[in-house]
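The values are calculated or read from the model by the stated rules, or taken from the named source; none is laboratory data. These numbers come from a predicted model, not from an experiment. Here the Cβ is made from the backbone with ideal geometry for all residues, glycine too, and neighbour counts use every protein chain on show. Note: accessible area is taken over every heavy atom of the protein model, side chains too, but ligands, DNA and RNA are not part of it. Shrake-Rupley method; radii C 1.70, N 1.55, O 1.52, S 1.80 Å.
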Amino acid sequence: MSNTANVLLVDDNPKYLKDALPYYGYNVRVAIDGIQALEILTGEDTNFDIILLDVMMPNMDGWATLKAIRKHSTTNHIPVIMITAVSEEQKIVAGLKIGADDYITKPFVLPNLLARMEAVLRRSQWTKESAQKNNLSFKSNNTIKSLTNREKEVLALAAKGASNKDIAEKLVLREVTVKSHLNSIFKKLNVTSRTQAVLLAMQADLIKN
C-alpha cells in the first residue's frame with residue numbers, strides 16, 4: 001500500500017489479524033464487541049479508513065453493530081467489510097443491504113482479505129474524490145441503464161438471494177438462460193461476482209428494501 005490506512009478490527013478473537021495486518025502497512029485498533037466498537041468510533045480523535053467487522057460476537061453482534069454504524073452521522077461513511085462464518089447467500093445479501101461494503105467468509109486466506117480491503121479502500125477514495133469534483137452520479141448508474149429489462153429482473157432477484165433455479169421458476173425461464181443473463185450482466189457491469197453486481201445495483205437504487 002502506498003499510504004497507511006487506519007483499521008478498526010471488531011472481533012472477539014482478534015489476535016491473528018491484529019498481528020498480521022501491521023506487516024502490510026495497516027494501523028490496527030481492536031474492539032472485542034460491537035459496544036466497544038461504537039464507543040471507539042464515536043470517541044475523540046478517531047479517524048478510521050476501514051472497519052473489519054466480525055458477525056458472531058458477544059453483547060452486540062455484527063449485524064446490529066453495522067446498523068448502528070450506518071445510522072450515526074460520524075461513522076456512516078466508513079467502509080465496512082463483514083467477516084462471517086455464515087455462507088448463506090440470503091444473509092450475505094441482507095448484510096449488503098444494511099450497508100456492508102463487502103464480506104469475506106471464514107475460513108479465509110489472508111491474501112484474499114488484503115485484496116478485498118485494498119479494493120474497498122480504492123473504491124472509498126474514488127468516491128471521495130468524485131464527490132469533491134461534484135460528480136452528479138456514480139459511474140454504475142449509467143451502466144445499470146444499459147441492462148435490458150429482463151437482465152434487471154434477474155439481477156433484482158439475485159440480489160434478494162434467489163438461486164438460479166429460483167430465478168428460472170419466478171421468471172419462467174430455463175436455468176441455462178438465467179446463467180446466460182447473469183454472464184451478460186457481469187460483462188456489462190464489468191464485475192466478476194454476484195456480490196459486486198449487487199453493490200452496483202444498490203448504488204443505482206435497483207434493489208428496494
* Out of (1) open to solvent by 60 Å² or more (accessible area, probe 1.4 Å); (2) part of a loop (DSSP other than H, G, I, E, B), the odd one out for residue 43 is which? -> (1)
* Across region 100-121, which residue is farthest from residue 82 (Cα to Cα) among those that are of a type outside the set (A, V, I, L, M) and free of Cβ contacts under 8 Å to residues at least 60 places away in the same chain? -> 111
* To do: Output yes when any residue across region 126-146 is modelled with pLDDT of 65 or more and either over 23 Å from residue 188 (Cα atoms) or touching a Ser or Thr at 6+ places or on another chain (Cβ under 9 Å) (or both), and no when none is.
  => no
* In region 180-195, which residue that is in a helix (DSSP H, G or I) and exposed (fewer than 15 other Cβ atoms within 10 Å of the Cβ) is farthest from the chain's Cα centre (by Cα)? -> 180
